Amino acid sequence: MIDTSVLLHPRSVTTTPAQRLIRNQKQLAHVKQLWYFLASVLFLLTLVRVTRYVWAKLAPPPEPRDVTRKRRRRKKHPFPSHLFCIPEGLSAFSTGFRIVFFRWSVPIGPGAIASMSELTFILLYIAAMFVWLLVDTQDLASFMYQDRAALMGSSQLPIIVALAGKNNVISWMTGIGHEKLNVLHRAAARTNFIFLWIHGLTRVVSGLSVQSDLSHDFMRAGVLGLAAFSVATILSVRPIRHVAFEFFLVTHIVLILIFLVAGYYHAKEFNSGDYIWPALLVWAFDRALRLGRLFWNNKMWSRSDSGDALVELLSEDTIRLTLTRRISWTPGQHAYVILPTISNLPFEAHPFTISSIPEDGKQCDVVFLIRGRSGFTRKLREHATKDHGSRVPAFLDGPYGCPPDLTAYTTCVLVAGGSGISVNARGGKSAVRRIVFVWAVRDAVHVKWISKTLIQALSATTASLTVEPRIYITGKNYPIPETTPSTELPVYSSLKLIHGRPSIKKLLNDEIASSLGPISVDVSGPSSLADSIRRALISDSATPAAVLKGSQPVTLHVETFGMVKK
């Protein structure tokens, strides 16, 4: 039974040297065990990635199936005796796994939702932290866990900083892009925040000895570090980030640097500084790589290379930003753009998906299609409105991101993304036989400027690849405006111009029904569109039961930066 008097009156606790020795041994052992656990999770995710990569390279491409005959057989015998044969059983299991962990979502705060996979990792991490904090604490005696909380929190700082970095070993090992790891960064940082406050409050309530009161500089440094971390945590809540992101970013970097330096000065007095200084190295490593990539991509040593970007207003709210650089990227990756004369601060970097097709080893146009909304993009739209076709100083940092490899799928449905049509419009070893490109825009004026992208993508296709572009015009500006011969859409039999919103559920069900192999659905657009596709892929022909009856398995990929928003 827990002695509640220890929790209510921790000052009364007296410890012996033997108890302190046991406490110190246990807290060091628990920190080590926690890291072993986290390393095991990282190893498992890396093993999954390596296995999938090897399988994709060595496995033969899926053979086309006689869908009609197979479904006719299924109709007669919906659940035959060989129901759980290995191929179909695995496909059904993986379909159910994807639905539960990647398509189900849970509200976690105002205007934000998380997938079950994100929530699972968050809760697993929090549970692991608290288990190793409170186990073996002699009925929750505060003297057993107050310093352990600080050690465990400090030991997590390198991984928390790594999860926030654009260049981090976690992304390289697992293949999970930094933009998706950011949700884990916030969850780990806020758990760390709680642990450090547990340490601070329990030490104060227990009474500070003469050797460790606030008359000492190292104790003042601890207070300063915790105060800086507290303010940084408060300023990182979503409403503040959404309203004033640039303010959040600058204050976050400054406050966290204060926290790390002050925290190290405080912890080294207790021989625990080795938990903190690696976080500074991780941060410096990321910044050094970003600076080096920025220097190399923009040829800052060369006066002959143009370091500017062309700004064009394509419609009332769409800007095309074009930089000419010699870089390589994979379709679906993004890069950070710095426009010193447009942004509030000269070093602001904003992420946008690259919308042009790469030309490896050549200097080519790196194109971004940007929707002008608020903040930086609103200023860019205002500049493009006033001075269409102008050039502004620009710097490029990237590419970043780990886009999925779609070469193993037979059918790819690409929804709302300027670069989406180029993802599989390439030669080489690929099982892709059909691409459906769905582009939903409000105004018909968008048709003029999208035509060049369509022509470029369609000209890169092979004879074995069928591409069906569909442009949905959701606004009132219809019919399609006339185009000049130079920008006219290609004469392509499958091109469809449709007035109205796409029926996502019907579109996906039709493609699943007609596909001869695995299907990939790739989404780049508003969160409401992603939500509608998630809902469509948890019913009807996308369920595990449908896969067992002969439907093809579907994989969903959603481009996102951080936590999914409603």
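The values are calculated or read from the model by the stated rules, or taken from the named source; none is laboratory data. As the structure is a computational prediction, the values presented were derived from the model and not from experiment. Positions of Cβ are generated from backbone atoms using ideal geometry, with glycine treated the same way; all protein chains shown enter the neighbour counts. Ligands, DNA and RNA are stripped out before the accessible areas are found, and what is left, the full protein with its side chains, is counted by its heavy atoms. Shrake-Rupley method; radii C 1.70, N 1.55, O 1.52, S 1.80 Å.
Listing for the model above:
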item	result
Residue within segment 433-443 that is at pLDDT below 85, within 28 Å of VAL50 (Cβ to Cβ), touching a helix residue (DSSP H, G or I) at 6+ places or on another chain (Cβ under 9 Å) and surrounded by fewer than 20 Cβ atoms within 10 Å (Cβ to Cβ) present	no
VAL261 vs. criteria under 23 Å from ASN167 (Cβ atoms), open to solvent by 40 Å² or more (accessible area, probe 1.4 Å) and under 21 Å from the mean Cα position of the chain (by Cα)	no
Scan of segment 508-521 for residues that are open to solvent by 20 Å² or more (accessible area, probe 1.4 Å) and touching a helix residue (DSSP H, G or I) at 6+ places or on another chain (Cβ under 7 Å), ordered by number	ASN509, ALA513, LEU516
Tabulated pairs, segment 164-188, first at pLDDT below 90, second aromatic (Phe, Trp, Tyr) and in a loop (DSSP other than H, G, I, E, B), C-beta under 9 angstrom, 6+ apart or interchain	GLU179/PHE561; LYS180/PHE561; ASN182/PHE561
Failed item, numbered, when LYS268 is tested on (1) under 27 Å from the mean Cα position of the chain (by Cα); (2) within 30 Å of ASN24 (Cβ to Cβ)	(1)
Residue within segment 145-157 that is in a helix (DSSP H, G or I), open to solvent by 20 Å² or more (accessible area, probe 1.4 Å) and either on the phi > 0 side of the Ramachandran plot or free of Cβ contacts under 8 Å to residues at least 24 places away in the same chain (or both) present	no
Members of segment 127-144 that are open to solvent by 20 Å² or more (accessible area, probe 1.4 Å) and closer than 15 Å to ARG190 by Cβ	ALA127, PHE130
Residue check, GLU316 under 15 Å from ALA384 (Cα atoms), at pLDDT below 85 and surrounded by fewer than 22 Cβ atoms within 10 Å (Cβ to Cβ)	yes
Matching option when the condition is at pLDDT below 85 and either open to solvent by 90 Å² or more (accessible area, probe 1.4 Å) or in contact with a Ser or Thr (Cβ under 6 Å, 6 or more places away or on another chain) (or both), among ARG65, ARG71	ARG65
Single residue of ILE256, ILE234 found to be open to solvent by 60 Å² or more (accessible area, probe 1.4 Å), under 24 Å from the mean Cα position of the chain (by Cα), closer than 30 Å to PRO107 by Cβ and modelled with pLDDT of 90 or more	ILE234
Filter result for ARG290 (open to solvent by less than 40 Å² (accessible area, probe 1.4 Å), of a type outside the set (Phe, Trp, Tyr) and touching a strand residue (DSSP E or B) at 6+ places or on another chain (Cβ under 7 Å))	yes
Meets criteria (surrounded by fewer than 19 Cβ atoms within 10 Å (Cβ to Cβ), closer than 30 Å to PHE218 by Cα and more than 25 Å from the chain's Cα centre (by Cα)) for ASP274	yes
Residue match in segment 219-231 (condition: touching a residue at least 60 places away in the same chain (Cβ under 8 Å), loosely packed, with under 15 Cβ neighbours inside 10 Å and either in a helix (DSSP H, G or I) or touching a Ser or Thr at 6+ places or on another chain (Cβ under 7 Å) (or both))	no
Qualifying residue in segment 114-126 (condition: of a type in the set (A, V, I, L, M), out of contact with any Cys (no Cβ under 6 Å at 6 or more places or on another chain), crowded, with 19+ Cβ neighbours inside 10 Å and not in a helix (DSSP H, G or I))	yes
Condition check for ALA530: modelled with pLDDT under 85, of a type in the set (A, V, I, L, M) and either open to solvent by 30 Å² or more (accessible area, probe 1.4 Å) or within 23 Å of TYR472 (Cβ to Cβ) (or both)	yes
Residue among ALA284, ALA335 that alone is open to solvent by less than 60 Å² (accessible area, probe 1.4 Å), out of contact with any helix residue (DSSP H, G or I) (no Cβ under 6 Å at 6 or more places or on another chain), in a helix (DSSP H, G or I) and among the small types (Gly, Ala, Ser)	ALA284
ASP365 being assigned to a helix (DSSP H, G or I) and among the acidic types (Asp, Glu)	no
In segment 99-134, the residues that are among the aliphatic types (A, V, I, L, M) and closer than 30 Å to ALA262 by Cβ	ILE122, ILE126, ALA127, ALA128, MET129, VAL131, LEU133, LEU134
Any hit, segment 376-386, residues being at pLDDT below 85, farther than 16 Å from LEU294 by Cβ and either open to solvent by less than 30 Å² (accessible area, probe 1.4 Å) or not in a strand (DSSP E or B) (or both)	no
Condition met for ILE194 (assigned to a helix (DSSP H, G or I) and either of a type outside the set (A, V, I, L, M) or under 21 Å from SER272 (Cα atoms) (or both))	yes
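Table: residues versus (1) open to solvent by 50 Å² or more (accessible area, probe 1.4 Å); (2) of a type outside the set (Val, Ile, Thr); (3) not in a loop (DSSP other than H, G, I, E, B).
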| site | (1), (2), (3) |
| --- | --- |
| ASN167 | no, yes, no |
| SER171 | no, yes, yes |
| ILE176 | yes, no, no |
| LEU184 | no, yes, yes |
| ARG190 | yes, yes, yes |
| ILE198 | no, no, yes |
| THR202 | no, no, yes |
| LEU208 | yes, yes, no |
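To keep it simple, each residue is scored yes or no on (1) of a type in the set (A, V, I, L, M); (2) over 24 Å from the mean Cα position of the chain (by Cα).
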residue	(1), (2)
ALA244	yes, no
ALA284	yes, no
LEU310	yes, yes
PRO331	no, no
ASN344	no, yes
